[in-house]
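A short worksheet on the structure shown next.
The values are calculated or read from the model by the stated rules, or taken from the named source; none is laboratory data. Since the structure is predicted, the reported quantities are computational estimates derived from the model, not experimental observations. Cβ placement follows ideal geometry from the backbone for every residue including glycine, while neighbour counts extend to all protein chains displayed. When the accessible area is computed, the model is the full protein with side chains, heavy atoms only, and any ligands, DNA or RNA have been set aside. Shrake-Rupley method; radii C 1.70, N 1.55, O 1.52, S 1.80 Å.
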Amino acid sequence: MHAKDADLAEALTKRLDGETIAAAAYARVDTALGPARMLTPLGNYLIARPAARAAAKKMTAETDIPLDAAVVFGISDGALHVWAADPMLNRVGDHLGRIPLDRIASIRVASGKTWQPVTIGMADGKSVELEGRGPIHAVAAEFDKRKAA
């Protein structure tokens, strides 16, 4: 499925049974080889993406957050859903899983340009650091609304 940032939440809601995605955003794992994305699409797919996929696999093992080199995060009333993605092509892949909101302590987004640093803190004290595209602020805001309720 292809979906631009503004259409993600609506498109992902149609893919879930009975859950509404309030906000969604593309995110990616950054590594030391991340600048290879700037070289060419081949730099992205042959260098940066495999390094990010390996880092994501390690993060998943440490935190139980299902990750890939790039993902889409979508927040519903009860969970943070994760899909595999290719942000370069605005493509959403398979649903990797869901994290119940009660297992998440915080979602913090720092300011940035196109991609902003995102930290997802878990209730057990572990965390993951990623980069999220523009609407990632809306995902964090929706999380904060649900935690306050």
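Points to keep in mind about this one:
- Selection of first residues in segment 67-95 that are at positive phi and of second residues that are assigned to a loop (DSSP other than H, G, I, E, B), restricted to Cβ pairs under 9 Å at least 6 apart or on distinct chains, gives the following pairs, ordered by first then second residue: N90/A3; N90/K4.
- Within the option set D17, D7, being part of a loop (DSSP other than H, G, I, E, B), modelled with pLDDT of 80 or more and on the phi < 0 side of the Ramachandran plot holds for one residue only, D17.
- Selection within segment 70-97 - surrounded by 14 or more Cβ atoms within 10 Å (Cβ to Cβ), modelled with pLDDT of 90 or more and outside any strand (DSSP E or B): S76, N90
- Every condition in (1) of a type in the set (S, T, N, Q); (2) open to solvent by 40 Å² or more (accessible area, probe 1.4 Å); (3) over 18 Å from A23 (Cα atoms) is met by T63 except one, and the failing one is (2).
- Search result, residues across segment 120-149 that are among the hydrophobic types (A, V, I, L, M, F, W, C) and without any contact (Cβ under 8 Å) to a residue 40 or more places away in the chain: A123, A140, A148, A149
- Of the residues making up segment 98-109, just one is open to solvent by 20 Å² or more (accessible area, probe 1.4 Å) and out of contact with any Gly (no Cβ under 9 Å at 6 or more places or on another chain), namely R103.
- Selection status of L46, open to solvent by 90 Å² or more (accessible area, probe 1.4 Å) and either modelled with pLDDT under 90 or of a type in the set (S, T, Y) (or both): yes
- Scanning segment 118-139 for residues that are within 11 Å of the chain's Cα centre (by Cα) and not acidic (D, E) gives V118, T119, I120, V128, L130, G132, R133, P135, I136, V139.
- The C-beta contact set for segment 98-115 (first residue closer than 28 Å to G78 by Cβ, second residue of a type in the set (V, I, T) and surrounded by fewer than 17 Cβ atoms within 10 Å (Cβ to Cβ), distance under 7 angstrom, 6+ apart or interchain) comprises R108/T119.
- Scanning segment 100-109 for residues being assigned to a strand (DSSP E or B) and either within 15 Å of A23 (Cβ to Cβ) or among the charged types (D, E, K, R) (or both) gives a total of 4.
- The listed residue being open to solvent by less than 40 Å² (accessible area, probe 1.4 Å) and either among the aliphatic types (A, V, I, L, M) or outside any helix (DSSP H, G or I) (or both), out of G132, G112: G132
- Residue, farthest from R28 (Cα to Cα), within segment 131-149, restricted to residues that are of a type in the set (A, V, I, L, M) and at pLDDT 95 or above: A141
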